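Q: To start, I am sharing the structure in question, which I have written as structure tokens.
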Amino acid sequence: LPTALIIGSGPAAAGAALALSSREDQQITVIDLGLQLEPDHREQADALAAMPSVAWTTEALASVAIGPVPSSSGGLPQKRTYGSDYPFRNIGQLDGVSTADRANASVISAAYGGFSTIWGAQVMPFPAAAFEAWPVPMSGMEPHYRAILRAIPFAAEEDDLAADFPLIGPAQALPPVAERTARVLESYRRHRRRLQNHGVTMGKARLALRAPECIRCGLCMSGCPYRLIYSSSQTFDEMRRKERITYRGGLLALSLDEAGDLATVTAMDLRTKQVQRFSADRVYVAAGGIGSTRLVANSAGLYGSEIHMQESQQFGIPFLSFRGVMDPRRETAFTLNQFNMTVGLDPDGHDLAQLHFYTYNAAFVDALPAPLRAGLAEPARKALLSRLTFALGYLPSWRSPAIRLEVGPPADGQLPSVRVSQGPGGSHHPMLRRVMARVLRSAPLLDLYPVLPMLRRAAAGKSYHFGGSFPHAPDGPSRVTSDRVGRVGEWRRIHLVDATVFPNVPATTFTLTVMANAHRIATESMSLPQ
Ligand SMILES: Cc1cc2nc3c(=O)[nH]c(=O)nc-3n(C[C@H](O)[C@H](O)[C@H](O)COP(=O)(O)OP(=O)(O)OC[C@H]3O[C@@H](n4cnc5c(N)ncnc54)[C@H](O)[C@@H]3O)c2cc1C
Ligand code: SF4
């Protein structure tokens, strides 16, 4: 029987597992770091889910509904999920990873479900133009987008964004949006022709969310008590329940090799520190962009080298409106991304930025300057919160600085040291300025004004939209590129399936394409000669 070994349980691993499990005789083993939410946090979240939300007390919420905390890289703070930092915590996978230029240090997740345990659940495909640099056109990716969107919850609506970003999969309606979202989208509808002339297109968020069950309690950003927000751990839970996969947690993969008809992973059991070898017909590597790059660097002996990864530059900026809405603290709304704006700078949709807008959530109050948080400032606070929206924006990788990884020697036969810093290509400034100029021109039409002095660019590695260390190359694989099924150099049976193989990283959301491309690679690999 054909055997497959997947490294990781994040979205890329889930994409590969979904494809492999479509073949009934495929024997699938998953090896993973597999860190889980602490039992007390889980119990507290379950306790909330078990009682009506009107009965939630301040004490019941205190340890699970926790907002983001200041990040070590400065800039945008770091999220928590159910009050825990476990998606970012180091259990050995970050040993030997250092940073410079205030780069983000939490770049490899050890979580069961990877970073999808804490993500924003936004799912949009890449623009068709991005695939011009890929070995597969949009039409070749489409069946894989569809397969993923069928396997995860999907809330989205057909609106103007669908002209460039078709829904592809069957979608359910989003929960009702906040008053601010409704107003902005109504203004957009009234002025859409003029806005589109500025390159601005708007629509509702697209979310991996079980929308019909949402009670609009507003806890999305700190962890949904009902687990309505998709995490790839849910896909693996189901596959384990159905005994479709063999799952082995607590293992740190150290290196990969091939001999004869087998591919082998050497991994360390984190509890016993014993090194074990696992073999299969094919290995699918999904340890996340930097996790997988480090694994390949160790396996191929790329010590002393500098590897550049492509990143979609992230930025954050508050927006103000002249007309206030009702006090948003009294409004029941979901607090994930609510509406999106794409800003296209050229007619072929190549240089396109995206802004994801968030209406009020509890973290808005924490972010206010101290005088506005004082009791006496309530009237001013209310006036401000009823006019405030926050956007997280992204630029395409070809207009953003790269991430530089300096690979050193391995410590004690383990993984090599990696220094993460900002790489070359800082040409994002002109594009960000041009995007902001369009946003500013659109502001009076939407009553949505960017607070430009508060524009902040995220540090290297903070967008979590990075990849391309071993990009699919049209002229076949080399030591630093992969073929269309993610095989680097001489490898025939080891496939990189996460964003390490992306030829570029457009500004639109990232992880749906991570899952779809992993699904494509795993599907195509099953037709290769054994
Ligand atoms: C706060 C936040 C918000 C985000 N919001 C969005 C969003 O709204 N939309 C979007 O598209 N993307 C978003 N992202 C990005 C998204 O979460 C990641 O792109 C996605 O999780 C990457 O998937 P992956 O499977 O490649 O890697 P990961 O999710 O990083 O998973 C890696 C897996 O590999 C395992 N692993 C790692 N190293 C090893 C090793 N050596 N041995 C064994 N196992 C290993 C880990 O345990 C984990 O299971 C967000 C990320 C964050 C942090
Ligand atoms: S508002 Fe958010 S946290 Fe509350 S039920 Fe809906 S998805 Fe879950």
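The values are calculated or read from the model by the stated rules, or taken from the named source; none is laboratory data. Keep in mind that what you see is a predicted model, and the values were worked out from it rather than measured. Cβ: placed from backbone, ideal geometry, glycine included. Neighbour counts: every protein chain shown.
Q: Give the residue, chosen from 334, 315, 319, that is within 15 Å of ligand 1 (Cβ to nearest atom), in a strand (DSSP E or B) and over 27 Å from residue 96 (Cα atoms).
A: Going through 334, 315, 319 in turn, just one is within 15 Å of ligand 1 (Cβ to nearest atom), in a strand (DSSP E or B) and over 27 Å from residue 96 (Cα atoms): 315.
Q: Counting just the residues of the stretch 133-177 that are β-branched (Val, Ile, Thr) and within 16 Å of ligand 1 (Cβ to nearest atom), which one comes out farthest from residue 476 (Cα to Cα)?
A: 152
Q: For the stretch 291-318, how many residues are touching a Leu at 6+ places or on another chain (Cβ under 8 Å) and of a type in the set (Phe, Trp, Tyr)?
A: 1
Q: Aliphatic (A, V, I, L, M), more than 24 Å from residue 318 (Cβ to Cβ) and surrounded by fewer than 16 Cβ atoms within 10 Å (Cβ to Cβ): is that true of residue 383 in this structure?
A: no
Q: Continuing with the same structure: Take the residues of the stretch 484-524 that are in contact with a Ser or Thr (Cβ under 6 Å, 6 or more places away or on another chain) and in a loop (DSSP other than H, G, I, E, B): which is surrounded by the most Cβ atoms within 10 Å (Cβ to Cβ)?
A: It comes out as 498.
Q: List, please: which pairs have Cβ atoms under 7 Å, are six or more places apart or on different chains, and start with a residue in the stretch 30-48 that is under 17 Å from residue 229 (Cβ atoms) and end with one that is away from ligand 1 (no atom under 16 Å from the Cβ) and outside any loop (DSSP other than H, G, I, E, B)?
A: Pairs that qualify, where the first residue is under 17 Å from residue 229 (Cβ atoms) and the partner is away from ligand 1 (no atom under 16 Å from the Cβ) and outside any loop (DSSP other than H, G, I, E, B), are 48/60.
Q: Mind listing whichever residues of the stretch 456-483 are crowded, with 16+ Cβ neighbours inside 10 Å, away from ligand 1 (no atom under 13 Å from the Cβ) and part of a loop (DSSP other than H, G, I, E, B)?
A: Selection gives 459, 460, 470, 471, 473, 477, 480, 483.
Q: Kindly indicate whether residue 370 is at pLDDT below 95, within 16 Å of ligand 1 (Cβ to nearest atom) and surrounded by fewer than 20 Cβ atoms within 10 Å (Cβ to Cβ).
A: Numbers: at pLDDT below 95: yes; within 16 Å of ligand 1 (Cβ to nearest atom): no; surrounded by fewer than 20 Cβ atoms within 10 Å (Cβ to Cβ): yes.
No; evaluated as a whole, the condition is false for this residue.
Q: Sticking with this structure for a sec: Tally time: how many residues in the stretch 105-124 are more than 22 Å from residue 205 (Cβ to Cβ) and either near ligand 1 (Cβ under 9 Å from one of its atoms) or of a type in the set (Lys, Arg) (or both)?
A: 7
Q: List, please: which pairs have Cβ atoms under 6 Å, are six or more places apart or on different chains, and start with a residue in the stretch 100-111 that is closer than 11 Å to residue 419 by Cβ and touching a residue at least 40 places away in the same chain (Cβ under 8 Å) and end with one that is among the hydrophobic types (A, V, I, L, M, F, W, C) and within 14 Å of ligand 1 (Cβ to nearest atom)?
A: Within 6 Å, the pairs are 103/459.
Q: Let me ask something else about it. Show the residue pairs meeting these rules: Cβ distance below 8 Å; 6+ apart or different chains; first residue within the stretch 220-245 and more than 19 Å from residue 172 (Cβ to Cβ); second residue among the charged types (D, E, K, R).
A: That search, which allows pairs on different chains as well, returns 221/79; 222/79; 222/80; 223/80; 225/46.
Q: Sticking with this structure for a sec: Restrict the check to the stretch 134-152 and report whether at least one residue is crowded, with 23+ Cβ neighbours inside 10 Å and either assigned to a loop (DSSP other than H, G, I, E, B) or among the β-branched types (Val, Ile, Thr) (or both).
A: Checked against the condition, which is being crowded, with 23+ Cβ neighbours inside 10 Å and either assigned to a loop (DSSP other than H, G, I, E, B) or among the β-branched types (Val, Ile, Thr) (or both), the stretch 134-152 yields at least one hit.
Q: Further question: Can you go through 227, 206, 180 and tell me which one is under 25 Å from the mean Cα position of the chain (by Cα) and more than 16 Å from ligand 1 (Cβ to nearest atom)?
A: 227
Q: Filtering the stretch 402-431 down to residues that are more than 30 Å from residue 277 (Cβ to Cβ) and out of contact with any strand residue (DSSP E or B) (no Cβ under 8 Å at 6 or more places or on another chain), which residue is surrounded by the fewest Cβ atoms within 10 Å (Cβ to Cβ)?
A: 430
Q: To continue, here is another question. Criterion first (over 27 Å from residue 77 (Cα atoms), in a helix (DSSP H, G or I) and away from ligand 2 (no atom under 16 Å from the Cβ)) does residue 185 satisfy it?
A: yes
Q: Kindly check whether there is at least one residue in the stretch 156-172 that is under 15 Å from the mean Cα position of the chain (by Cα) and modelled with pLDDT of 95 or more. Talk me through it step by step, then tell me what you get.
A: Filtering the stretch 156-172 down to residues under 15 Å from the mean Cα position of the chain (by Cα) leaves none.
The answer is no, given that none of the residues of the stretch 156-172 is under 15 Å from the mean Cα position of the chain (by Cα) and modelled with pLDDT of 95 or more.
Q: If I ask for residues that are outside any loop (DSSP other than H, G, I, E, B) and either within 16 Å of ligand 2 (Cβ to nearest atom) or among the small types (Gly, Ala, Ser) (or both), which ones from the stretch 93-117 would you list?
A: Passing the criteria: 98, 111, 114, 116, 117.
Q: OK, next. Can you name the number of the only condition in (1) in a helix (DSSP H, G or I); (2) at pLDDT below 95 that residue 426 fails?
A: With respect to (1) in a helix (DSSP H, G or I); (2) at pLDDT below 95, residue 426 is out only on (1).
Q: From the list 316, 301, exactly one residue is more than 16 Å from ligand 2 (Cβ to nearest atom) and either within 21 Å of the chain's Cα centre (by Cα) or buried (at least 23 other Cβ atoms within 10 Å of the Cβ) (or both). Which is it? Break it down into steps so the answer makes sense when it comes.
A: Numbers: 301 fails: either within 21 Å of the chain's Cα centre (by Cα) or buried (at least 23 other Cβ atoms within 10 Å of the Cβ) (or both).
When all the criteria are applied, what remains is 316.
Q: Those residues that are surrounded by fewer than 18 Cβ atoms within 10 Å (Cβ to Cβ) and in a helix (DSSP H, G or I), I need them from the stretch 161-172; list them, please.
A: Matches in the stretch 161-172: 162, 163.
Q: From 109, 71, which residue is crowded, with 20+ Cβ neighbours inside 10 Å and either in contact with a Gly (Cβ under 6 Å, 6 or more places away or on another chain) or not β-branched (Val, Ile, Thr) (or both)? Quick ask: steps written out before the conclusion?
A: Values: 71 fails: crowded, with 20+ Cβ neighbours inside 10 Å.
Exactly one residue qualifies, and that residue is 109.
Q: Out of the residues in the stretch 209-238 that are more than 10 Å from ligand 2 (Cβ to nearest atom) and surrounded by fewer than 21 Cβ atoms within 10 Å (Cβ to Cβ), state the one that is farthest from residue 85 (Cα to Cα).
A: For the stretch 209-238, the residue satisfying everything is 212.
Q: Going by the structure shown, is residue 246 β-branched (Val, Ile, Thr), surrounded by fewer than 22 Cβ atoms within 10 Å (Cβ to Cβ) and at pLDDT 95 or above?
A: Yes, satisfied.
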